[in-house]
Amino acid sequence: MNKTIIININGTVFHIEEQAYELLKEYMTDVKRHFFNSADSLEITTDIENRLAEMLTEILAREGRQAVIDQDVAWVIEQMGSVKDFETAEAEEEPGFIHNEFTTPAGNRRLFRDPEDHLVGGVCSGIANYFDIQAVWIRLFFTVAFVFFGTGLFLYIILWIIVPKAISRADKMAMKGEPLDLQGFKRNFEAELSSVSERIAGLKHDGRPFVYKTRDFVSDFFHHLFVFFGGAGKVLVKLLGIAVIMACVGGIIAVIVGLGATWFFGGDSFSLPDNFFNYEHINQVRAAVALIAIIPFTMIIIVVSSAMFSTAAISRSAGITLLVIWLSSLAMLGYHAARAAAEFKDSASFTQTINLKPSKNQVYYLQLNDAMFLTHDDSVRLQIKDKFRNMILTDDEDRHELEPRSVHIDIERSDVPYPVLVEEFSARGYDYDGALENARNTRYMFVQQDSVLKFDRRLRRLNNRSWHNEEVRLTLRIPLNATVMVNEKINRYISNYMNVYECLPGDDHKSTEMAPFVMTEDGLKCKVGEGIVDATNTIDSMDTNHDGGVDASEILKSTVGAKADTIYIDDTIQTPKPAKKPVVIHRRHRMVN
Amino acid sequence: MLVENTQTQMRKGILEYCILCVIAKGEIYASDIIAELKKAQLLVVEGTLYPLLTRLKNNGLLSYNWVESTSGPPRKYYVLSEEGKQVLTHLDKTWQELAFAVQTSIEGRK
């Protein structure tokens, strides 16, 4: 029982045993190699193949067999004659393709560049042939030399210029050190003669001036560059394609994650598109944004992968559908953007005045409120009571960097002997009523604790309304000769010009240090020489408990006087261990005191 | 070595002439040419014939027709071209001269 192979010889199909096939293949390879240099090689080998097929068919018909066995092949080869026989017959006839077999004694290798096995210029495989090792080791050596020292490339180019290319068959055989009389033809005088002339030509070739070699090198270079982009370059191009696809996949994931994040944590921070759009439409806007971003990425992936890896290209109708979806997403986003823009057409404002209690010594400490204000919703959502009992959640301006400044403070002289705070809320809207409605739907947290005036960093919008440039302009009116203590942190919110650092003694100031300014007829002036109290020590207690604002106040009461530990947490609130002692939590890692 | 070489030369010299002679008898298939030549003990293997036929054809001495075959691929049947016939006439004459020369040379050698 033998395995058979189905082969096709010029249109005739044979079942042939594996061993017989090997024999036949070897024979045909020899024949083809023998006639390789002949102008009519194709015709001759086709004739021979046809005749072989015919003889095999006849044998099978005669013997009544179905499969060709190796005896059959041996017989037809005998009929056809071996390559050796051909050579005997042709020895005189075509000296042209035999003479160059004699250029080099057998086994003596010469260094050539191998044009048949090359990635770039064939230098490596040539060297490998010379030393009779596998080309891959030489290539590895050059690559390593290139990576580590950069010399590999230099060496390669020099060798490329110096080492001749194996052009003739004799060159190739000499390169591989093949015994040149392998195929058993006989040397004769004419062949010797022509081998001499070949040698002379070889000498001329080897002795050519460097300039010519360089010219050859340049033409070679472009040829090989072309080949490179057909071969090894393909790998590079594919790698590039993979990189592009990975980038696009990354883009899609980023879009999904980003939008998913705003969907889950929406309203917590100021981010596009959420804060500009009406809440009822926000999901349409998100979907539109997602599609606008994802469809081009998808298209790039499909186009690149179909071009690179011949995967199925997208059908025309599917492409048009995607384009239509993309354009409608764009239109929808444009529509919502236009509507959102219309929400800014008109503006409105209203004012409310708060009379402040005068302090005993007419000194007022202006501070930013570091305790985080939480609405009732927020405290439920963040599970404040369970997770953050006995802790202070501090607010930090860093996380609101994206949001436009909504608080402006002016300090003016008061006509009355007590301080007054005027809050002017303004907002924009579709019309005046809408704008006023927007302005009213805000809340500003201002707290007075004796002489300490605490200002919140932000104006808060209620009910997760979209942003309409809500602002509050706070005018603090203080009596003549009263002193305000200001540090650099709050100074950023104050419109008056006050150089806090210059008003402080010494250099190297912290933004929490407080400088005294006194109200004069001409406005605020730096007050020098008076007893300056470090206000930071006195500010431990605070009350943020405005209608429904939760819990920070309860926590705070217990922190007064206690030495607080500090825990740093990230913006995503983690669950700290239950603390016995009261604990201050900073968002981000900014020290408050 | 020299003897072999001369033999080869002699054989080769008349091989093309003989092939043309065989084909001149009428349209003929390559393997039939071989059969004839084998009968004349001039050629042993078929493989050597194909390069010769191709070359003769390319020189315009032969042409061929494709003929469908019942056993295998279509066959090339060779015929002499007009030029081939003229060349053959020349060669006939040359051969007569050669045969005479050889005959004369051999004569008297006992």
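Remark: spin-label model distance B:Q41-A:D450 equals 14.1 nm, labels positioned 7 Å along the Cα→Cβ axis. Taking label positions 7 Å along the Cα-Cβ direction at both A:F36 and A:A61, the computed distance is 3.6 nm, reported to one decimal. A straight chain from A:I320 to A:D522 at 0.36 nm per residue would run longer than the Cα-Cα distance by 65.6 nm.
Once both labels are positioned 7 Å from their Cα atoms along Cα-to-Cβ, the gap between A:V227 and A:K25 label points is 2.5 nm.
Computed from the C-beta positions of A:S219 and A:F146 and an R0 of 22 Å, the FRET efficiency is 0.40 to the nearest 0.05. Here is the list for the range A:1-77: trypsin sites (Lys or Arg not before Pro) lying in DSSP coil, each with at most 12 other C-beta atoms within 10 angstrom of its C-beta, are A:K3, A:R65.
By the combined test of axial Cα extent (at least 18 Å) and Kyte-Doolittle hydropathy (mean at least -1.0), the qualifying DSSP H helices of chain B come to B:2-24, B:82-106. For chain B, excluding the exposed loop sites themselves (GluC sites (Glu not before Pro), DSSP loop, at most 16 other Cβ atoms within 10 Å), the longest remaining stretch covers B:28-67. Note on B:W66/A:I6: beta-carbon distance plugged into 1/(1 + (r/R0)^6) with R0 of 30 Å gives a FRET efficiency of 0.70.
Residues B:T70, B:T54, B:T6, ranked from the fewest to the most other C-beta atoms within 10 Å, line up as B:T70, B:T6, B:T54. Per-residue Cβ neighbour counts within 10 Å put A:L52, A:L153, B:L88 in the sequence A:L153, B:L88, A:L52, beginning with the fewest.
The chymotrypsin sites (Phe, Trp or Tyr not before Pro) of the range A:12-47 that DSSP puts in a loop, and whose beta carbon has at most 12 other beta carbons within 10 Å, are A:F36. In sequence order, the range A:513-521 has phi-based couplings of 5, 9, 10, x, 10, 10, 7, 10, 4 Hz under the Karplus curve 6.51 cos²θ - 1.76 cosθ + 1.60, θ = phi - 60°, and Gly or Pro positions carry x. With 18 Å as the limit, the listed pairs B:K25/B:K85; B:K25/B:K76; B:K38/B:K85; A:K84/B:K57 have B:K38/B:K85; A:K84/B:K57 beyond it between alpha carbons. Extension gain for A:N441-A:D508 works out to 19.9 nm (0.36 nm per residue, less the C-alpha to C-alpha distance).
Once you divide the Cα radius of gyration of the range B:18-104 by 2.2 N^0.38 Å, the number left is 1.18. Return the FRET efficiency for the residue pair B:D32, A:V237: r is the Cβ-Cβ distance, R0 is 45 Å, and the value is rounded to the nearest 0.05. Efficiency for this residue pair is about 0.20.
Rule-based calculations on the coordinates, nothing more; no lab input. Small disclaimer: the values here were computed from a predicted structure and weren't measured. Cβ atoms come from the backbone with ideal geometry, glycine included; neighbour counts cover every protein chain shown.
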